[in-house]
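Structure first, commentary second.
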Amino acid sequence: MRLLALAVSVSVLSLAAACGANGQNADPATPGAPLETRPANGAGQEPAFPGQTRAPGVRTETALSHTVIASGLEHPWGLALLPDGRWLVTERPGRLRIITAEGAVGEPIAGLPRVDARGQGGLLDVAVAPGFAADRMVYWSYAEPRDGGNATSVARGRLSEDGGRIENAEVIFRALPTYDGDKHFGSSLAFDGAGHLFITLGERSDAAMRPQAQDLGSHMGKTIRINADGSVPQDNPFVGRAGALPEIWSLGHRNVQGIAIAGDQVWTVEHGARGGDEINLDQAGLNYGWPEVTYGVEYRGTPIGEGVTAREGIEQPVYYWDPVIAPGGMAVYDGAMFPAWRGNLLVAALKEKHIARLVLDGNRVVGEERLLTDLGERVRDVAVGPNGAVWAITDEANGKLVRLAAR
């Protein structure tokens, strides 16, 4: 594979590639009108509260442009910022690289375990330990090949001083049960302020596996919370419950591929089927419904289960999309470049090829904007850089690292 490092100026490439150089091209037809106008797949389904779907379109007044920083990456999946401003980027076939802010792409980092890179599997997310400056610890999730199939695992190791290898790699979490499939591994990683590691998992997609999202004896379709060494926090919600795995934080998820933590709020985003992509405020011990309660329909057009969208004891999503955007990673914006965006959610969209900016009022979505539409590529992950620019990677055979900034 040929890697091309690009350190290009906004005035040259971004204006040529951006097709208007404003970072987005989807305006609401009239002020306050919903940004989404296509028919919903879940015909007749009604949101549980106003604004739960089809938020009004909003538009950033600041002119935006994007710069392709690096290309030639093979289906990059995860993106994490190092303290020195360089980026760790995973590629699904099993490679982890360092890319500088100027676009120099490093050779694959040695020392990672083998991955099962079939279908949606492979090397997935990457996270830098809160204490990286002292311990140089890096964490990653991946589809681990096992006897009888595979499942999502999380490992950690020390990044060598020269950045060339991972030292003393160890697996700290293995999702169970093992299953012979190639879909819905999740999996995003995030640390909270107390140093707990959150892991999001899919339910493995197949009809036989779906019910495990409701089974506390299975990790499938769950959000997981562990300590940095893999041990279980004793204040996890299911510690001590008979038949429950103590690592579980929440249940009833389909395929969660994005997580972002701001203060004590844990935000996750998961894939629906035909409709039902969800933003959730992911709280301890709560049930988010899948596959018994959900929006949207099966891919073949029939109802999912009983076609129920609400039930007592099941949490409603804060927001959902129908039709879907196919969400990847997410971030809470906290940068200086766009003060008006602070506290907004940024969600990578694979199918719809943009970054969704969601404006929050408390815990409700009150506006939506589509950014980076002019790039025309599947956006896999999104992060905020040191000066407040937004960085993203695209899930393509010729994947890119892209910077979106004020012009």
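The values are calculated or read from the model by the stated rules, or taken from the named source; none is laboratory data. All values derive from a computational prediction rather than experimental measurement. Quick reminder, even Gly has a Cβ in these numbers, built from the backbone with ideal geometry, and neighbours come from all protein chains shown. Accessible surface is based on the protein model in full, side chains and every heavy atom, while ligands, DNA and RNA are left aside. Shrake-Rupley method; radii C 1.70, N 1.55, O 1.52, S 1.80 Å.
Listed values, structure above:
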item: Cβ-Cβ under 6 Å pairs, at least 6 apart or on other chains, segment 221-244 side charged (D, E, K, R), far side part of a loop (DSSP other than H, G, I, E, B); result: 222/201; 225/196; 225/236
item: Top-ranked residue in segment 54-67 [being within 21 Å of the chain's Cα centre (by Cα) and open to solvent by less than 10 Å² (accessible area, probe 1.4 Å); ranked as nearest to residue 117 (Cα to Cα)]; result: 66
item: Qualifying residue in segment 288-295 (condition: in a loop (DSSP other than H, G, I, E, B) and within 21 Å of residue 366 (Cβ to Cβ)); result: yes
item: Residue 154 of a type in the set (Val, Ile, Thr) and either over 23 Å from the mean Cα position of the chain (by Cα) or at positive phi (or both); result: no
item: Options 335, 385; residue that is under 24 Å from residue 101 (Cβ atoms), open to solvent by less than 30 Å² (accessible area, probe 1.4 Å) and within 17 Å of the chain's Cα centre (by Cα); result: 385
item: Selection within segment 162-186 - open to solvent by 40 Å² or more (accessible area, probe 1.4 Å), without any contact (Cβ under 8 Å) to a residue 60 or more places away in the chain, assigned to a loop (DSSP other than H, G, I, E, B) and under 25 Å from residue 246 (Cβ atoms); result: 177, 178
item: Within segment 81-96, considering residues that are in a strand (DSSP E or B) and open to solvent by less than 10 Å² (accessible area, probe 1.4 Å), the one farthest from residue 402 (Cα to Cα); result: 96
item: Hey, residue 103 under 19 Å from the mean Cα position of the chain (by Cα), of a type outside the set (S, T, N, Q) and either at pLDDT 95 or above or open to solvent by 10 Å² or more (accessible area, probe 1.4 Å) (or both) or not; result: no
item: Residue in segment 308-325 that is touching a residue at least 12 places away in the same chain (Cβ under 8 Å), of a type in the set (Ser, Thr, Tyr) and open to solvent by 20 Å² or more (accessible area, probe 1.4 Å) present; result: yes
item: Evaluation of residue 24 against (1) open to solvent by less than 10 Å² (accessible area, probe 1.4 Å); (2) at pLDDT 95 or above (one fails), failing number; result: (2)
item: Residue 122, sole failed condition from (1) open to solvent by 30 Å² or more (accessible area, probe 1.4 Å); (2) in contact with a Gly (Cβ under 9 Å, 6 or more places away or on another chain); result: (1)
item: Residue match in segment 203-220 (condition: within 23 Å of the chain's Cα centre (by Cα), touching a residue at least 40 places away in the same chain (Cβ under 8 Å) and within 30 Å of residue 86 (Cα to Cα)); result: no
item: Per-region count, segment 267-287, residues surrounded by fewer than 22 Cβ atoms within 10 Å (Cβ to Cβ) and part of a loop (DSSP other than H, G, I, E, B); result: 4
item: Number of positions in segment 187-202 that are in contact (Cβ under 8 Å) with a residue 12 or more places away in the chain and either among the hydroxyl-bearing types (Ser, Thr, Tyr) or open to solvent by 10 Å² or more (accessible area, probe 1.4 Å) (or both); result: 10
item: Residue match in segment 113-127 (condition: in contact with a Lys or Arg (Cβ under 9 Å, 6 or more places away or on another chain), farther than 17 Å from residue 201 by Cα and of a type outside the set (S, T, N, Q)); result: no
item: Residue 358 within 18 Å of the chain's Cα centre (by Cα), within 20 Å of residue 66 (Cα to Cα) and touching a residue at least 24 places away in the same chain (Cβ under 8 Å); result: yes
item: Options 378, 357, 364, 342; residue that is surrounded by fewer than 22 Cβ atoms within 10 Å (Cβ to Cβ) and touching a Leu at 6+ places or on another chain (Cβ under 7 Å); result: 378
item: Cβ-Cβ under 9 Å pairs, at least 6 apart or on other chains, segment 38-54 side touching a residue at least 24 places away in the same chain (Cβ under 8 Å), far side assigned to a loop (DSSP other than H, G, I, E, B) and open to solvent by 50 Å² or more (accessible area, probe 1.4 Å); result: 40/54; 42/303; 47/54; 48/310; 53/47
item: Residue check, residue 158 surrounded by fewer than 18 Cβ atoms within 10 Å (Cβ to Cβ) and either modelled with pLDDT of 95 or more or part of a strand (DSSP E or B) (or both); result: yes
item: Answer residue from segment 221-244, given it is among the charged types (D, E, K, R) and under 21 Å from the mean Cα position of the chain (by Cα) and is nearest to residue 92 (Cα to Cα) among those; result: 222
item: Condition broken by residue 302, with the remaining ones in (1) crowded, with 20+ Cβ neighbours inside 10 Å; (2) part of a loop (DSSP other than H, G, I, E, B); (3) without any contact (Cβ under 8 Å) to a residue 60 or more places away in the chain satisfied; result: (1)
